[in-house]
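Participant: Take this structure, written in structure tokens, and hold onto it; I'll ask about it next.
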Amino acid sequence: MERMHLPEPAPDNHVETLFSPYGDGTLMTMRMTLPDLETRARMLSSGKEQGMESSYVRLDSTI
């Protein structure tokens, strides 16, 4: 099991990933459930959202 760090280990969370047809490709939707708003704010302020989006854009461009 891989652990996330913020820089300390992240609290328990749940990630649901759904794949559905979208035009000629596939739409991936991810939903992360966190224990509270403070944890969510810390994760968003860490740059995680922009880093993940950047990674998905790079991945999409290789297809």
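For every residue, the table says whether it meets (1) in a loop (DSSP other than H, G, I, E, B); (2) exposed (fewer than 10 other Cβ atoms within 10 Å of the Cβ); (3) modelled with pLDDT under 85.
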residue: MET1; (1), (2), (3): yes, yes, yes
residue: PRO7; (1), (2), (3): yes, yes, yes
residue: PRO21; (1), (2), (3): no, yes, no
residue: ARG40; (1), (2), (3): no, no, no
residue: TYR56; (1), (2), (3): no, no, yes
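Participant: Is it fair to say THR17 is at pLDDT 80 or above and of a type in the set (S, T, N, Q)?
Facilitator: Taking the combined requirement at face value, the residue satisfies it.
Participant: Of everything in the range 23-38, what is surrounded by 10 or more Cβ atoms within 10 Å (Cβ to Cβ), in contact with a strand residue (DSSP E or B) (Cβ under 8 Å, 6 or more places away or on another chain) and not hydroxyl-bearing (Ser, Thr, Tyr)? Give them in sequence order.
Facilitator: Listed by number, the residues that qualify are LEU27, MET28, MET30, MET32.
The values are calculated or read from the model by the stated rules, or taken from the named source; none is laboratory data. On a predicted model such as this, the values are computed, not experimentally measured, just so you know. Positions of Cβ are backbone-derived with ideal geometry, glycine not excepted, and every protein chain shown enters the neighbour counts.
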